[in-house]
Amino acid sequence: METLEKVLTPEEQFQARIDADIRIEPKDWMPDAYRKTLIRQISQHAHSELVGMLPEGNWITRAPSLKRKSILLAKVQDEAGHGLYLYSAAETLGTTRDQMLADLHSGKAKYSSIFNYPTLSWADMGCVGWLVDGAAILNQVPLCRTSYGPYARAMVRVCKEESFHQRQGFEVMQTLCEGAPVQKEMAQEALNRWWWPTLMMFGPKDADSPNTAQSMNWRIKRFTNDELRQKFVDMMVPQAEFLGLTVPDPLVKWNEERQAYDFGEVNWDEFWAVVKGNGLCNHERLQARVQAHEEGAWVREAANAHAAKRAAREAVVA
Amino acid sequence: MNQSEWPLWEVFIRSKQGLDHKHVGSLHAADATMAVQNARDVYTRRLEGVSIWVVESKHIHASNPDDSEAFFDPAADKVYRHPTFYEVPNSIKHM
């Protein structure tokens, strides 16, 4: 046994641990490509939380009641928190917060394309919670068992908090759907705009996703993009029916044989256009993010100066 | 201070009176006071804690995972340290 283990390369030992479902921790040996993939995925995930605050922040001052405003504030605060959990997890892999933010601000790093769509009406806040967070949860729940320990632990925390996000969104939709006809129309109109972009959140088709196989092999990912997309449709179509809304896809139909819904093809040209920076709000989102960061520079500097002054004073006293 | 990034802190939270402080994650802050306040906002938004410790990450010293086999080896062959090592006759109660 001893001698057998000695002939395994570090890569083979690493893969054996992964296959045995033993979590990888920050100081453990790992292949460079595993480290790079994780840094890219976790930081991209963190950026999505940060940029995800922007379309909702847009509605905090216009929420229809104090209750809705409080809920929305709490949700946006959670997203800031989720971003921080994730940045911390990424930092355990050897990157820095400054580097990650620089990559986001220069446009080198990506974030979820869904946030490059505008939030035009209050019903969009319902759709963002119900559909977008619903899709995010489907992506995130399997990540609680992802092979890298700090990422998995951050995701457990995120998932615990995220379910309130989806429920409040559903409640917004339900309230609109039970309201006046004009409110229900608003809900339907928002669903029409958000349905397809939400399906795009699961990423390209498996056939066009060259990294999926490696990520599954490393147990970073547990399900493929298409598997999750199918799960999402199966989950959401009955919920839309409950609300009395129609999913904007004439091909949606229950398939008795597959025990799943058939549905139409995502517009992949649109998907790639938004990924490449040509969505409706790409420019605006990035600009808002950079502006917030630059305008906060003096706060970061002042806090450093204050800490240095206090440390100096304490040194004198001691 | 020419580095713009605030130092990294590890956060430990006591979830309720009587339990240990447990590591929950890390965050950046300019000093300890700010680290405690940020830890409150980041890690206890839903009453997850009654007490917070923060330690600057650079002060944590850890065992080396590459040595862990040899390092923890002394405990591996001492099954007699566990109560299950001993056979207790069936008629003996309360042991």
Filtering the stretch A:129-146 for residues that are β-branched (V, I, T), open to solvent by less than 10 Å² (accessible area, probe 1.4 Å) and under 12 Å from the mean Cα position of the chain (by Cα) leaves a count of 1
Please list, ordered by first then second residue, the pairs with beta carbon atoms under 8 Å, 6 or more apart or interchain, first in the stretch B:6-35 and within 13 Å of chain A (Cβ to nearest Cβ), second among the small types (G, A, S) and open to solvent by 40 Å² or more (accessible area, probe 1.4 Å).
-> B:W9/B:A32; B:K22/B:S15; B:D31/A:A311
Within the stretch B:36-47, the count of residues that are open to solvent by 50 Å² or more (accessible area, probe 1.4 Å) and within 9 Å of another protein chain (Cβ to nearest Cβ) comes to 3
Could you run through the stretch A:88-137 and say how many residues are charged (D, E, K, R) and without any contact (Cβ under 8 Å) to a residue 40 or more places away in the chain?
-> 5
How about the stretch A:168-267: which helices (runs of 4 or more DSSP H) wholly inside it have at least 1 residues that are more than 30 Å from A:S147 (Cα to Cα) and of a type in the set (A, V, I, L, M, F, W, C)?
-> A:181-200, A:225-243
Does A:L120 satisfy the condition of being more than 13 Å from the chain's Cα centre (by Cα) and at pLDDT 95 or above?
-> yes
Looking at A:A63, A:A33, which one is open to solvent by less than 70 Å² (accessible area, probe 1.4 Å), outside any helix (DSSP H, G or I) and more than 11 Å from every other protein chain (Cβ to nearest Cβ)?
-> A:A63
Which condition does B:K58 not pass, out of (1) of a type outside the set (A, V, I, L, M, F, W, C); (2) within 19 Å of A:A90 (Cβ to Cβ); (3) surrounded by 13 or more Cβ atoms within 10 Å (Cβ to Cβ), if it passes all the others?
-> (3)
Within the stretch A:291-318, can you find the residues that are open to solvent by less than 100 Å² (accessible area, probe 1.4 Å), within 12 Å of chain B (Cβ to nearest Cβ) and more than 30 Å from A:V51 (Cβ to Cβ)?
-> A:A308, A:R310, A:A311, A:A312
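The values are calculated or read from the model by the stated rules, or taken from the named source; none is laboratory data. Since this is a predicted model, take the numbers as computed values, not measurements. Quick reminder, even Gly has a Cβ in these numbers, built from the backbone with ideal geometry, and neighbours come from all protein chains shown. Surface accessibility is based on the protein's heavy atoms, side chains included, excluding ligands, DNA and RNA. Shrake-Rupley method; radii C 1.70, N 1.55, O 1.52, S 1.80 Å.
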